[in-house]
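This report refers to the structure that appears directly beneath it.
The values are calculated or read from the model by the stated rules, or taken from the named source; none is laboratory data. Predicted, not measured: the structure shown is a model, and the values here were computed from it. Here Cβ is always computed from backbone atoms with ideal geometry, including for glycine, and neighbour counts include all displayed protein chains.
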Amino acid sequence: MLRSALFAAMILVTAPTIAQESEQPIRVGMSGGYFPFTFVRNDELQGFEVDLMNAIGAEIGRNVEFETMSFSGLIGALQAGRIDTIGNQITITPEREEAFAFSEPYVYDGAQIVVKAGNEDTIKDTRDLSGKTVAVNLGSNFEQLLRELPNADDIDIRTYESNIEQDTALGRTDAFVMDRVSSAQVIAESPLPLALAGQPFSEIRNAYPFRDTEEGRELRDEVNGALDRLRENGTLSKISEKWLSSDVTTPQ
């Protein structure tokens, strides 16, 4: 049975595709704790990222192996060659582009502020974060987005490994920041009293990072071709609609 140990230890899930046995599988790292993109329910790893990578594997004829670990360890695992890419809504940033070969974006989103329900009027935009305590997931791009704000020195930024919404709902933090799509899904699914505050800020483009080696770039090119075909035949948008109730796979 998979319990909380899921986030402390790596598990391996092999997704069947039409791949030949002689082909090396694509090893995809993810946290397994980022609903609705990658999460465990009834001991099954599922979500938008799982369905999409399975579809990519089927397109290029290779098995997909999912390896779960803490989100903060994913980049290190990729750099060390323990995984081939990350399926966990990795945002393209200039710093990451210097270190990795990215696929084309497959999700276009924005950063969203979330507060305890009833406090929506206290934070209308990022300027209102001054003097506030704001939670973000450890290792995510949202900490950097907050630190780039003009009023960053006035924001108390706190990093969490997971479950950042609980402290905001309990009033221990004033807000948390994650992507717009996940925020809306968390609010819809969670019994916690939470609400969106203001409009999304800072466009986010999510893509698959690969090691910037000949082998990594070759796999990146294969994945890009699969993404193009899945976009053209409508599969990409169908997966988005299934998990996110909207199509976030094209620029707005």
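Tabulated values for the structure
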item	result
The range 205-240, residues that are acidic (Asp, Glu) and either part of a helix (DSSP H, G or I) or farther than 28 Å from Gly76 by Cα (or both)	Glu214, Glu215, Glu218, Asp221, Glu222, Asp228, Glu232
Counted residues, the range 199-226 - those being under 16 Å from Phe142 (Cα atoms) and not hydroxyl-bearing (Ser, Thr, Tyr)	8
Exclusive hit being crowded, with 16+ Cβ neighbours inside 10 Å and out of contact with any helix residue (DSSP H, G or I) (no Cβ under 6 Å at 6 or more places or on another chain), set Thr168, Thr249	Thr168
Within the range 1-81, strands (runs of 3 or more DSSP E) holding 3 or more residues that are at pLDDT below 90	11-15
Inter-residue pairs, beta-carbon under 7 Å, first over 30 Å from Gln166 (Cβ atoms) and in the range 92-116, second in a helix (DSSP H, G or I) and of a type in the set (A, V, I, L, M, F, W, C), 6+ apart	Ser103/Val223; Ser103/Leu227; Glu104/Leu227
Residue check, Ser183 over 22 Å from Asn119 (Cβ atoms), crowded, with 19+ Cβ neighbours inside 10 Å, in contact (Cβ under 8 Å) with a residue 12 or more places away in the chain and assigned by TED's automatic domain parsing to the domain that holds Val114	no
Residues of the range 79-105 satisfying the condition of being crowded, with 22+ Cβ neighbours inside 10 Å and of a type in the set (D, E, K, R)	Asp84
Filtered residues of the range 117-149 (kept if touching a residue at least 60 places away in the same chain (Cβ under 8 Å) and of a type in the set (Phe, Trp, Tyr))	none
